[in-house]
Each structure stands twice: as C-alpha cells, then as structure tokens.
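Beneath this line is the structure, given in structure tokens, with notes to follow.
Bear in mind these aren't lab numbers, they're just calculated from the coordinates by the rules spelled out. What you see is a predicted model; the values in this text were computed from it and never measured. Don't worry about glycine lacking a Cβ; one is built from the backbone with ideal geometry, like all the others, and counts go over all protein chains shown.
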Amino acid sequence: MKKFFSLLVLLIFSIYSTFPIWHIFNVSLRSDNSFQNDSLHFWPDSLSWKNYEIVFTKTLFPTWLFNSVMISVMVTILGLILSITAAYALSRFSVQGKKGILTFLLATQMFPATMLLLPFYILLSQFHLLNNFWGLLIIYSSSALPFCVWQLKSYFDTLPFEIEDAARVDGCNRWQVLWKIVLPISKPAIAITALFQLTTAWSEYAMASVVLQDPQMQTLPLGLKSFQSSLATEWGLYAAAAVIVSLPATLAFILLSRYLISGLTLGSVKG
Amino acid sequence: MANVEFQSISKTFDQQNILKSVDLKIKSGEFLVLVGPSGCGKSTLLRLLAGLEQPTSGEILIDGRNVKGVQPKDRGLAMVFQSYALYPHLTVKENLGFALTLNKTPAHEMEKKIQEVAEILRLTKLLSRKPGQLSGGQRQRVALGRSLVKNPKIILFDEPLSNLDAALRSRMRYEIKKIHQKTKSTMIYVTHDQTEATTLGDRIAILNSGKIIQLGTAQEIFNKPVNKFVAGFVGSPEMNILPAEFLGHKNIDFGIRPDDIQIGDGTAQASFELEEYMGSHYMIYARFQGQLLRITRSQSVSKKTGDLIPLNFNMAKAHFFDRVSELRTNS
Ligand SMILES: Nc1ncnc2c1ncn2[C@@H]1O[C@H](COP(=O)(O)OP(=O)(O)OP(=O)(O)O)[C@@H](O)[C@H]1O
Ligand SMILES: [Mg+2]
C-alpha cells in the first residue's frame, strides 16, 4: 500500500514535469501552425514529420547544430583538461596560497552571469574575438572552471595518496600517475564534470547572443530564438527544432547516469 | 643488490621532529629489519629512501650515489605499502604486471614472471579479480607480489604480513627469506612481529623517538640491550624489570627475562598469583618485592594464589640499567 502511494506520487510528478515537453513534441508533429489552438488535445491531431524536414532543409538549423556541437565538444575537452590539471595540483601539491586560490574560485561564482556580459564583451572586442568561436570557447570553459575545479578537487582529496606513491615507485612519472591511475579511478567524477560543461555550453544563450552576431556562426539556442522573432513565430518549426536540441543532452544523461549514481555514493566505498 | 646509507637524516612534519639525525648503513644484499613503537617514523624512513618524501636535512646514498632530487622511479627499488595501495581499477594480474608494462618488458617474459610470483604467493586463481573482490590477506599478498616481479635492487617492506593468519604468515616469511637468498636484493623490512624480526633480519635496527637506538644482530640485541627501552621492546614475553635494591645496588634497575628465572631451589621468595597454559609452556605470574614477575616454565607449578615459591635468578643472564639515564651498566 505504501509502495502504491509512492508510485502514485512519482507518477503525478513525472506527468507534471514531462507534460510541457510532451506538448512541444505534440506541436512539432502538427502540420499547421496551431500552437495556440483552443483544442489542446493530448494526442497529436496529425502525424506529420514535415516540420522536421523543413527545419533541416530550409533553415540554417544544420549550421547551428554543427556550431553548437563543435563548441560544446571543444568546451568540454578544454574544460576537462584545465579543471583536471588544476584540481589535481590543488589536491596533491603544496601550492603557495592554496586556500586563497580556492576561496577566490568560489567567490567568482557569486556574480550573476549577466553582470559579466559587458566586461566580457569589452574584453573580447579588444582581443578581436567577437563573432569568433574562440571567444565563446574561452568564456564558456573559463566560467565553468571554478565549479569543476572544486568538484574534482574534492574527489581527488578522497583518493588514498599511497596508490599514487606506489605507481611512482613502480615507474610512473607525475603525468603517468595522473593518466594511468588517477583518471581511471576518477571516471565518475570526470563524467559528472564533463556533463556539467557539456550542458552549460549546449544551452547557453545570453553570452552567445552577445558574442555571435553573424547568423552563420550562431548556436542552437540563438537559432531557436530567431524562429520566434523573424518568421512571425513558426511554432511548428520552433517545436521541432526544440525537440532535436533536447535529444543530445537527454542522451548524454542516460549514457552517463551509471556514473552519476556511483558518483553520488562516492566516498562511502573508499579503500 | 645495492648498499644504502642514511647520513644524519632529519625529517620535520609541521614543526614536529619525526626523525632526528638518523645514521644508518645497510650493506649490499643485507636483510635489515626495522622495529619500533607505532608512530616512531619507520614508514617515514622508508618513504625518504623511496623518494616519496624529502629529508629536512641530511643525505641518502644508494650505492654511494647521493639520490637527492632523483625521482622514485629512478631509484631502482620496490616498496610494499602498509595500506597495500593496490590499483583498484586493475586486475590482480595487471597490478602485478604494472611495473613491467611501464619498463616495456616483452609480453612472454612478463607472463612468465607474473605466473612465477603468483605461484609463490598462491595468487594463481585470483589473477582476473579486482582488488575490491579480495580479502585483506589476499590484497596483502598482491602488494607483496607487485614488489617482487621487477627484481629490484632494493625492496622496502612496510609491515607486509600484518594481516595474515599465523599459518600463512609463517609460510610467507619462509618465502620472503627464500626470495632474499635467491635474488640477494637489499631488503629493509618494517615489522611489529618479534618472530619476523629475529628470523628474517641479518641485523635489526631499533628506532624510537626519531633515533636509531640500537643496531645489531638479533642475538646482540636480545642478549645485550643498550637501554631499558630496547630491553622491554625486544623479546616476548617481555623482560621483567625491577629495582635492584634487593641485590644491594642503589639507583639501578635489574632486568631478567622470564626464561632466566627458575622456580624451586632459590633463596628469593615470591608469592604465586596465577599461571597460564601457553601450549608449549606455562606462564607463571608471581609477586616479588611488590612487583609482578613473568616466569616461563615447562611444567605447571600446582600452587594456589598466595603460596610462597622460591625463585632462582640466573645472574649470568641478568641486565642492569641506570635508573636515571636508563642505559645498560653491565657488559
Ligand atoms: N605527511 C605527514 N604529515 C604530517 N605528519 C606526518 C606525515 N607523515 C607522517 N607523519 C607523522 O610522523 C610520525 C611518524 O609516522 P610514521 O608513519 O613514519 O610512523 P610509523 O613508525 O610507521 O608508525 P606505525 O608503526 O604506526 O606504522 C607520526 O607521528 C605521523 O603522525
Ligand atoms: Mg608505518
């Protein structure tokens, strides 16, 4: 009986939180442009993939998709390299002013992202990085960095250092210790960090709208927005594009959920 | 095979002097056992030699070469860690072969070595398991095996048998001794176990409060402990130490091992407290001059608590210590 109630509650919340998504999916399958149709049917009235076809063939969507994938992947790779090395150094070496560095990293997280729009814009224009992927890459990977460094450092702190000592005696240099021992052991923490960086870059809008003005260079969130304004709001296209956009993130979560779960119970299995 | 020399090595952690100017020479191919109370710096001494820790002052020489700044991997040694420190993501086989993979040993040779070591340590059936699926004793044997596969010049053991049961422990002790005889690697071995110390070590070094207090063969240390600490620390059951006033000495303590007291024909009178059956012998507790004495004996004394028993101290085996300096006074 207790189980029945908890299932019921879970079901209600699942429907509650997935209904908007379902609705978007619904709209994307309609042949007309009937988003604000009075008849908000639960099942789509028609089953047409026309919107998807148009999105891929008649709009800049493929370009945006390519841009977004490229930027997200590069941000993730660059972000991982930077955060892993920084976190490892902060966890294992006696760095001058370590406490200060860590507090400073945390403090940077206090500022709302919109506050940084203007300074970033000015900096980028000075370095001629406006309308340039590199500019966005630098901003994305640096803004996710503090959180990722903290997260990974806390994880590295839980690893017994004698394992690394053993590897050094066995013949590893410092880099090999990191590559052959620390990284494989830290897979769960790295998966979580990667996911965080990937999703941040994938869905970011405000900064991208400032940096990338050329429609050819825009990312998906910007592209979606342009459906809304320029074409007198093509709801069908908008919905179809939104569904496609949400797929990779969902996929990444499903693939990495194994690590997410083990990542959350870390520390309890030490030794 | 390599000789090792510690030259006035000091190590300070957070303003605490853990090692205070340690001097120690270990001969090539020697088996040196390092003993001392918990926290006296035994592991620290090994970590310094391995290059995992830097001395605050002093020099370490391996084969006459100062190894300051030499990375652990270039010191030609292997180490068995107190906490095993196995690689959790690798199988037993990969753990054993890790060092060989790094120095690019050919596959067939590596396979042969791993099998050989696994055989000795009885790990053959466990080769495909991960450390998480092993018992404490099995993990310890993997840690031991990992140090043996690469034939190092020097092997450092930090309490390598502490988690094994008595039978396995004596078997492993035998195997380590055999390996030492075969490879002639220089071995430095930390232990809390008296039997391991006396059976394995060519020499024993006793470390206390950051200093080597005595260095010598097991016989030398057992028969002529340099001070009261060593006398109490080495030998099991522990030496009896009591004020020597009853023998007419002032400010001197008298030490006598439980084996060196005979019951039955002496002039000293002690009152019997209780006896314990130890399998091969009896341990008798008796009160003498207000002190509890431990006496070993092959037979039971068949007395009741409070009965008087005559004692005879074997004075040729007696030890005398200055009460203030605690140093040995007889030769
Ligand atoms: N990295 C470190 N930082 C601070 N103190 C340390 C560090 N490593 C060791 N110590 C201290 O140095 C002392 C000696 O430690 P060590 O591990 O060498 O002792 P040990 O003789 O091996 O003891 P045990 O027999 O319990 O293993 C201890 O008091 C310990 O707290
Ligand atoms: Mg220790």
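Placing +1 on the Cβ of each Lys and Arg and -1 on the Cβ of each Asp and Glu in region B:40-188, which of B:Met172, B:Asn66, B:Ser83 has its Cα farthest towards the positive end of the resulting dipole?
The one lying farthest along the dipole's positive direction is B:Met172.
Given B:Asn227, B:Thr186, A:Ala87, which one lies farthest toward the positive end of the charge dipole of the protein assembly as shown, if we put +1 on the Cβ of every Lys and Arg and -1 on the Cβ of every Asp and Glu?
It is B:Thr186, whose Cα lies furthest towards the positive end.
Within 10 Å, count the other beta carbons around each residue, average over each peptide in A:187-194, A:69-76, B:271-278, and list them highest first.
Numbers: A:187-194: 20.6, A:69-76: 19.1, B:271-278: 13.1.
Ranked from most to least packed, the peptides come out as A:187-194, A:69-76, B:271-278.
State to the nearest 20 debye the size of the charge dipole of region B:137-292 about its Cα centre, where the only charges are +1 on K and R beta carbons and -1 on D and E beta carbons.
Once rounded to the nearest 20, the dipole reads 1220 debye.
Counting DSSP beta bridges with both partners in region B:4-231, what percentage is antiparallel, nearest 5? Please list the in-between numbers first.
Numbers: 19 of 36 bridges.
Among the beta bridges of region B:4-231, antiparallel pairing accounts for roughly 55 percent.
May I ask for the distance between the Cα centers of region A:123-198 and region B:157-192, given as a whole number of Å?
Computed from Cα coordinates, the inter-centre distance equals 40 Å.
Over the Cα atoms of the protein assembly as shown, what is the Rg over Rh ratio if Rh follows Kirkwood?
1.17
Order of A:171-178, A:56-63 by packing, highest average Cβ count within 10 Å first?
On the way: A:171-178: 17.1, A:56-63: 14.0.
Descending packing order for the listed peptides: A:171-178, A:56-63.
Among A:Ser17, A:Ser143, A:Ser257, which one moves the most in a GNM of chain A with springs linking Cα atoms closer than 10 Å?
A:Ser17
Go through A:125-136, B:227-238 and give me the packing order, highest mean Cβ count within 10 Å leading.
Working: A:125-136: 15.7, B:227-238: 18.3.
The most tightly packed comes first, giving B:227-238, A:125-136.
Within a 10 angstrom radius of each residue's Cβ in B:82-95, how many Cβ atoms of other chains show up on average? Whole number is fine.
Per residue, the average neighbour count from other chains is 4.
Could you calculate, for region B:237-322, the ratio of the Cα radius of gyration to the Kirkwood radius, expressed as Rg to Rh? Show your work: numbers first, answer last.
Details: Rg = 12.5 Å, Rh = 13.1 Å.
Across region B:237-322, the Cα-based Rg/Rh ratio is 0.95.
Which distance in Å, rounded to a whole number, links the C-alpha centroids of region B:236-284 and region A:45-77?
Centre-to-centre distance over Cα atoms comes out at 91 Å.
What number, rounded to the nearest 500 deg cm²/dmol, is the helix-based mean residue ellipticity at 222 nm of chain B, given -39500 (n - 2.57) per DSSP H run of at least four residues and division by all its residues?
Working: 8 runs with 84 residues, N = 331.
The per-residue figure over chain B is -7500 deg cm²/dmol.
Of the options B:Ser21, B:Leu134, B:Leu308, report the single residue whose Cα projects farthest towards the positive end of the charge dipole of the protein assembly as shown (beta-carbon charges: Lys, Arg +1; Asp, Glu -1).
Of the candidates, B:Leu308 comes out farthest on the positive side.
If the only charges are +1 at each Lys and Arg Cβ and -1 at each Asp and Glu Cβ, what is the size of the charge dipole of chain A around the Cα centre, to the nearest 20 debye?
740 debye
Rounding to the nearest 20 debye, state how big the charge dipole of the protein assembly as shown is about its Cα centre with +1 on each Lys and Arg Cβ and -1 on each Asp and Glu Cβ.
Dipole size: approximately 1000 debye.
At 222 nm, what helix-only mean residue ellipticity would chain A give, in deg cm²/dmol to the nearest 500, using -39500 (n - 2.57) for each DSSP H run of four or more?
-23500 deg cm²/dmol
With N set to the number of residues, divide the alpha-carbon radius of gyration of region B:4-231 by 2.2 N^0.38 Å and report two decimals.
Scaled against compact globular proteins, the figure is 1.01.
Just checking the output field for A:155-167: average partner chain Cβ neighbours within 10 Å of each residue's Cβ?
Rounded to a whole number, the mean comes out at 5.
Taking every residue in B:61-73, how many Cβ atoms of other protein chains lie within 10 Å of its Cβ, on average?
Per residue, the number of nearby Cβ atoms from other chains is 2 on average.
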